[in-house]
Amino acid sequence: MLFEVNQEKKCLGIYRSNWDPKELELEEYLISKTEEEVATLNSSVFGESLLIINSEVRTGVGKRADILALDHMGNAVIIELKRHNSSLGVDTQALQYLAEFSKYKGDNFIKQFSPEREQDIRGFLGDVNVQDINKNSRIILIARCFDPGLYSMGEWLSGRGIAFRCIEYTPVEYENKRFISFSVAFDRSPFSIFPLTFENQLRQPGYFWHNIGEASNDWWQYLVKAGQISTSFDCQPGDQGEKILRSYIKGDTIIAYAKKFGAIGWGVINKPESYDLLKPGCKDDKMDGLYLHRLNIDWKFTVEKIEDAIGPSELLQKKYGIFHPRTTSAKIDRQKAKLLINDMHKGNGFLTKTP
């Protein structure tokens, strides 16, 4: 909630804006416009990356769910948007959707809701077994404000293993500029659904894709010489770019990926504490304010030119069976990653050892 300061009375009053965005407008604003290759929801609002499976998803009884998404663990996320206040009843509606959608697991979920985007879904989920898709479902409600009775329902649902979150938004219009603030009003989401945030200190080193962003030889050669990987997003403290780099732990193996070209090298994270957010315009700002989040990496093998990459079609062949990443970072099956790295280590004519 946003408050307006009354300087004369020295008190706060609830700010009322004339701007009242419609639900479809709000939905458009929530879609990420960053470097992600597929349509995701804005991670700054949701605190995680969510892949949009479909909007206005029709149920068996003719109703429509606003947004159906997947998180990185393969959990289905039902998101309902309300233009004004959200009261008792919207939870029942969301539960109806959850009951309907939870019937579809694994391949059946993809075939039912987005069969044409199977590769996008698999690339987003990384090493998550496709048969684990939608083993668990959860609900996120977004509205101007909420009836406290909804929170009691949320407590009841969380006690039965269903994560429930309420996000409030406030539209603001000031001097011909429009702003929307978002805040979490209620959240009963087990931390197991945020593995990169909460479990990074407990997990064993793993294997990850990391998209370099700008697919150019100049940028790639800079990263190799600097011994770094990077992210962009908002290039602000605490955004998704920082979260991704800070999620890596010592010993993680990173396979670098250039969009439309493929795997271009691999390295190991040895100093996760080396994370830094550069200042725009500094000498290492090579992309005019983009890719300012940086983390040191010990490159082992890299291509001299990104044109020499192991391409997406080759990665999908039976030898590897790896879907290329649709987001900045994605886990890779350990055995598949080792096979790919082994071929890189051999050289095979397309990779050169980094000095």
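Measuring against 24 Å, Cα to Cα, the residue pairs Lys300/Lys331; Lys286/Lys331; Lys243/Lys305 contain Lys286/Lys331; Lys243/Lys305 as the ones spanning a longer distance. On the basis of the beta-carbon distance and an R0 of 25 Å, Lys283 and Lys305 show a calculated FRET efficiency of 0.50.
Taking the inverse of the mean 1/r over every pair of distinct Cα atoms in the stretch 3-193 gives a Kirkwood hydrodynamic radius of 17.7 Å.
Using the average count of surrounding beta-carbon atoms within 10 Å as a protection proxy, the listed peptides 248-256, 168-176 rank, highest first, as 248-256, 168-176. Residues whose amide H lies under 5 Å from that of Asp285, counting only those 5 or more places away or on a different chain, are absent; hydrogens are built 1.01 Å from N in the peptide plane. Here the simple spin-label model places points 7 Å from the Cα toward Cβ, and for Asn176 and His345 these points are separated by 6.2 nm. Residue by residue, the stretch 77-82 carries 3J(HN,Hα) couplings of 10, 9, 10, 10, 10, 10 Hz when phi is fed to the Karplus relation 6.51 cos²θ - 1.76 cosθ + 1.60 (θ = phi - 60°); x denotes Gly or Pro. For the chain, the residue among Val5, Gly106, Ala76 whose Cα projects farthest onto the positive side of the dipole built from Cβ charges is Gly106.
Less than 5 angstrom separates the built amide H of Leu50 from those of Leu41, all sequence-distant by 5 or more or on a different chain. Considering only alpha-carbon pairs that sit under 8 angstrom and 6 or more positions apart, the relative contact order computed for the chain is 14 percent. Here the contact order of the stretch 3-193, divided by its residue count and restricted to Cα pairs under 8 Å and six or more residues apart, works out to 18 percent. In this structure, the amide hydrogen of Phe301, modeled 1.01 Å from its nitrogen in the peptide plane, lies closer than 5 angstrom to those of Trp266, Thr354, counting only residues at least 5 positions away or on a different chain. Each DSSP beta bridge with both residues in the chain is either parallel or antiparallel, and the antiparallel ones are about 70%. In the stretch 200-353, Cα pairs under 8 Å separated by at least six residues give a relative contact order of 29 percent. Rounded to the nearest 20, the Cβ-based charge dipole of the chain about its Cα centre (Lys and Arg +1, Asp and Glu -1) stands at 860 debye. Under 18 Å from a point placed 7 Å out from the Cα of Asp218 along the Cα-to-Cβ direction: which residues of the stretch 287-301 have their backbone N that close? Residues passing the 18 Å test: 287-292.
Among Met153, Met344, a tally of other beta-carbon atoms within 10 Å of each Cβ gives an order, fewest to most, of Met153, Met344. Placing a label point 7 Å from the Cα of Gln317 along the Cα-to-Cβ line, the residues of the stretch 252-279 whose backbone N sits under 18 Å from it are 261-265.
3J(HN,Hα) along the stretch 126-140: x, 8, 5, 4, 4, 6, 8, 5, 6, 5, 10, 10, 8, 10, 10 Hz, from the Karplus curve 6.51 cos²θ - 1.76 cosθ + 1.60 with θ = phi - 60°, whole Hz, x for Gly and Pro. A helix-only calculation puts the chain at -7000 deg cm²/dmol for mean residue ellipticity at 222 nm, using -39500 (n - 2.57) for each DSSP H run of at least four residues, averaged over all residues. Rounded to the nearest 20 debye, the dipole magnitude of the stretch 3-193 is 540 debye, with +1 charges on Lys and Arg beta carbons, -1 on Asp and Glu beta carbons, and the Cα centre as origin. Computed from backbone phi with θ = phi - 60° and the Karplus coefficients 6.51, -1.76 and 1.60, the 3J(HN,Hα) list for the stretch 288-303 is 6, x, 9, 6, 8, 6, 10, 8, 6, 9, 9, 5, 9, 9, 9, 7 Hz; x is used for glycine and proline. Projecting the Cα atoms of Gln236, Leu26, Ser152 onto the charge dipole of the chain, computed from C-beta unit charges around the Cα centre, puts Ser152 farthest toward the positive end. Treating r as the C-beta distance of Glu118 and Ile31 and R0 as 25 Å, the FRET efficiency rounds to 0.75.
Rule-based calculations on the coordinates, nothing more; no lab input. Only a predicted model underlies this, so the values are computations on that prediction, with no experimental measurement involved. All Cβ positions, glycine included, derive from the backbone under ideal geometry; neighbour counts span all protein chains shown.
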